[in-house]
1. Just give me the residues in the range 246-270 being farther than 27 Å from Asp166 by Cα, in a loop (DSSP other than H, G, I, E, B) and of a type in the set (Gly, Ala, Ser), in sequence order.
2. Take the residues of the range 241-270 that are among the aliphatic types (A, V, I, L, M) and surrounded by 18 or more Cβ atoms within 10 Å (Cβ to Cβ): which is nearest to Gly154 (Cα to Cα)?
3. If Tyr26 passes every condition in (1) modelled with pLDDT of 90 or more; (2) closer than 26 Å to Gln109 by Cα; (3) touching a Leu at 6+ places or on another chain (Cβ under 8 Å) but one, which one does it miss?
4. Can you list residue pairs whose Cβ atoms sit under 8 Å apart, with the first residue in the range 405-419 being closer than 13 Å to Trp108 by Cα and of a type outside the set (Lys, Arg) and the second being exposed (fewer than 14 other Cβ atoms within 10 Å of the Cβ) and at pLDDT 80 or above? Count only pairs 6 or more apart in sequence or on different chains.
5. Please give the number of the condition Phe377 fails out of (1) farther than 19 Å from Gly76 by Cβ; (2) within 27 Å of the chain's Cα centre (by Cα); (3) in a loop (DSSP other than H, G, I, E, B).
6. Give the residues of the range 271-324 that are farther than 27 Å from Gly154 by Cα, assigned to a helix (DSSP H, G or I) and either β-branched (Val, Ile, Thr) or over 34 Å from the mean Cα position of the chain (by Cα) (or both), sorted by residue number.
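The values are calculated or read from the model by the stated rules, or taken from the named source; none is laboratory data. For clarity, every value in this text was computed on a predicted model and none was experimentally measured. Cβ coordinates were reconstructed from backbone atoms using ideal geometry, including for glycine residues, and neighbour counts include every protein chain displayed.
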Amino acid sequence: MEGLVMAGQLILALSILISLHEFGHYITAKWFKMRVDKFYLFFDFLFPIPTVLNFSLFKKKVGDTEYGIGWFPLGGYVSIAGMIDETQDASKLAAVPEPWEFRGKPAWQRLIVMLGGIIVNLILGVLIFWGLRYASGNNFVTLQEVNKQGIYAGKLAQEVGFKSGDKILEINGKVPVRFDEVPQLIMEDEAKYTIERDGEKKDIILPSGFLDKLANGKKGEFIQEGLTFDVKEVSKTEGGGGAYRAGLQAGDKFVGINGKPVKFYQEFKSILDENKEKKITALVNRNGTIDTLKMDVSKDGTVGFIMNPLLKPTHEDYTIGESFNAGFVEAFTVIGTNLKGFKKIFKGDVSASNAVSGPIGIAKIFGGTWDWTKFWFLTGLLSMSLAFMNALPIPALDGGHALFLIWEMITGKTPSVKVQEIAQQVGTFILLGLMVFAFGNDIFKIFR
């Protein structure tokens, strides 16, 4: 069931993003009176071969345009008359351009058509983040709040010198206001953390290759908010959980398990995971008195209570204008992060296998429960990322087409049809290779 929910969220998000991206090309082409032959969500052929397995799940012709849903769910397209793309080749073009063809229009009009999809994805991303910020405001934990108790250092953080309870003072000379800024600052060329431990300052510099190790690790293995907690409610299910049978009460606070001190929930959960289906000895603080409780841990690594987090988030409400500004910045921060990520890949700090995810990996990010706030947040991220990826100057992508048109506008010379066709074929081969790599990488991650 969880797999179906993941797949459903991914398909819905991609359907929205692809349809609106292609609508950007469609509406600008119509604006300049170009004939649009097809508008398809997904491909109605075996990509990248337009003549193989041609069939649609749905299609309807209105005027000159056939609207449809293809069977191959890895993209979509708008087929504009007189344009060389993945849906047609140069042999189908007449010698003399017709006035309603793409190639029969001025270069500046063709450039706007090629950028139409990117522009729509950028607008959509901003609108989504704007709406989220206006509807939900902003909930975040300040670095100052985290520093009251310190951070939780995961396995990878401990390897480079962090300890749970450390207080982060600066990162690369910057003092983050919000704790969620910490992951963004890791993308800088060299991440130097200034921390306070036992009243003394210390610098920790992340070693070369650490970002790749982090990308290859499990979630939560670096730095997290030190999540202090007490017991909000003890589960009283039939037969009672381990906590209920041991006499745990609301308001109790764990201070140790099996002789190990416990300060943060992450430490508590880690010990439980190591003791599934075993009995643990827990020390709890109850109104200033330390009690010893022996409780059974379930096969899921739980003892049966609801946690009450003591880390206090900050909430901000936004006006329409403030939420637009916040949403705009948040949306374009995604572009900045993508740029930094590509830089890290080219420098060799992060391997492509750890940085690239395909549909399976993206579906996992959506998760197995349907949360509309999370869905729209991730759709906004994908929209901005889709705009960034399509702007790359790779033939077959919008950025590659745009590059040819900019060259034509600067030099006054139009690249030959043969050159454009070869470039399209090379670009399609590159995209196909990336698709195979992304799928293979997802499958490898499942079985490793």
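1. Going through the range 246-270, the residues farther than 27 Å from Asp166 by Cα turn out to be 246-250.
Still in the running and in a loop (DSSP other than H, G, I, E, B): 247-250.
If the condition is that a residue be farther than 27 Å from Asp166 by Cα, in a loop (DSSP other than H, G, I, E, B) and of a type in the set (Gly, Ala, Ser), then Gly247, Ala250 are the ones that fit.
2. Residue satisfying both the conditions and the ranking: Val262.
3. Every listed condition holds for Tyr26 apart from (3).
4. Close Cβ pairs satisfying both conditions: Trp407/Lys413; Met409/Trp108.
5. (3)
6. Ile320
Residues are listed down the side, and each one gets a yes or a no for (1) at pLDDT below 75; (2) in contact with a helix residue (DSSP H, G or I) (Cβ under 9 Å, 6 or more places away or on another chain); (3) surrounded by fewer than 17 Cβ atoms within 10 Å (Cβ to Cβ):
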residue	(1), (2), (3)
Leu310	no, no, yes
Thr314	no, yes, yes
Tyr318	no, yes, no
Ala326	no, yes, no
Ala331	no, yes, no
Leu381	no, yes, no
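Yes/no per residue for (1) within 30 Å of Leu17 (Cα to Cα); (2) at pLDDT 90 or above; (3) not in a loop (DSSP other than H, G, I, E, B):
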residue	(1), (2), (3)
Ser79	yes, yes, yes
Met83	yes, no, no
Ala94	no, no, no
Gly131	yes, yes, yes
Ala135	yes, yes, yes
Tyr152	no, yes, yes
Gln158	no, yes, yes
Gly165	no, yes, no
